[in-house]
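The values are calculated or read from the model by the stated rules, or taken from the named source; none is laboratory data. Because the structure is predicted, anything quoted here is derived from the model rather than measured. A quick note on method: Cβ atoms are made from the backbone with ideal geometry, for glycine too, and the neighbour counts reach across all protein chains shown.
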């Protein structure tokens, strides 16, 4: 998980349109206790972001999930509905 993704998850949790709202302390606990233990944290540089952006644009993709999975050699499986 990229360092920037941690901040994005926290921001999404604290802005979810749910009642009651998720308090910032609770959002930090969710990230720390329930998400971070399952991921390796990586720091991405300018080169990494630009490479991913170019790969997304050349493949007509809207998000980086497939690109990141391909880059790391993982297999992306989609459930059949």
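For the reader, a short list of remarks on this structure follows.
- Filtered residues of the range 29-81 (kept if loosely packed, with under 13 Cβ neighbours inside 10 Å, assigned to a loop (DSSP other than H, G, I, E, B) and modelled with pLDDT of 55 or more): 39, 40, 41, 43, 45, 60, 62, 63
- Pairs where the first residue, in the range 21-50, is over 18 Å from residue 11 (Cβ atoms) and the second is outside any helix (DSSP H, G or I), C-beta under 6 Å, 6+ apart: 42/2
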